[in-house]
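The block underneath contains the structure these notes are about, expressed in structure tokens.
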Amino acid sequence: MFGILTAMLMANLQGVAQVPSISVAVKDDAGVPRESLRQANNELERIYREIDVNIVWWDPNLPSSRGDEATVPRNLLTIAIRRNAASLQKKLSDDAMGIASGTAFERSRVAYVFYGRMEQFTPLYRGKYLGHFMAHELGHLLLPQYSHSSKGLMRAQWNRDDLERAQHGQLGFTPEQASLVRSSATRLAATVRDAPK
């Protein structure tokens, strides 16, 4: 009897999928207030945790991260926060809150969010909104090109209802997108595990 129970327990444990992790760096070139950036990082982490993806923060400013290329995580994804889109040499609409680089065939590793456009929002919610915009652009790095949806976090243009849902922590990925993000995060994690040492 004990052997059967042990076998059943082991089978159940093996069936439990490991939660994938992705390494993310935030490069703040816009001078975001420290509390707003902390709130944004927490919000992004919460959004991804809700779809069973762990965010592992990598800080390029830590002394342990400088000078040795081996310390940079393979497949690191970076969110660069810029004041505006002027330095990107790409024409964007005036209401674009960010952009992710890459092509239909090759997703890139860098997404941009424009903090100067946050000034239209009350300071109380800027960190929360920034976290949602960062999560949206990170989603573009993990999802196929043209991955905007008609509802949820990946909508191309947000309306007042979307902002209110974001304010209350209720704006997230659709179930289909959540599945695609998890698959992409799992592939990234496998690439890191299988890399030559």
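Could you list 133, 114 so that the one with the fewest beta carbons within 10 Å of its beta carbon is first and the one with the most is last?
Numbers: 133 26, 114 21.
Listed from fewest to most nearby Cβ atoms, that is 114, 133.
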From the square roots a ≥ b ≥ c of the eigenvalues of the alpha-carbon gyration tensor of region 19-194, which class results: rounded (a/c under 1.5), prolate (a/b over b/c), or oblate? rounded
Amide hydrogen neighbours beyond the local backbone of residue 27, cut-off 5 Å, H modeled: 79, 80, 81
Highest-first arrangement of 33-42, 76-85, 118-127, where packing means the average Cβ count within 10 Å: 76-85, 33-42, 118-127
Just want the ordering: 132, 168, 140, 148, from fewest to most Cβ atoms lying within 10 Å of their own Cβ. 168, 148, 140, 132
Under 5 Å, built H, 5+ apart or other chain: amide partners of residue 172: 153
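None of the figures in this text is laboratory data; all of them are computed from the coordinates on show. Remember, predicted model here, so these are calculated numbers, not experimental data. Here Cβ is always computed from backbone atoms with ideal geometry, including for glycine, and neighbour counts include all displayed protein chains.
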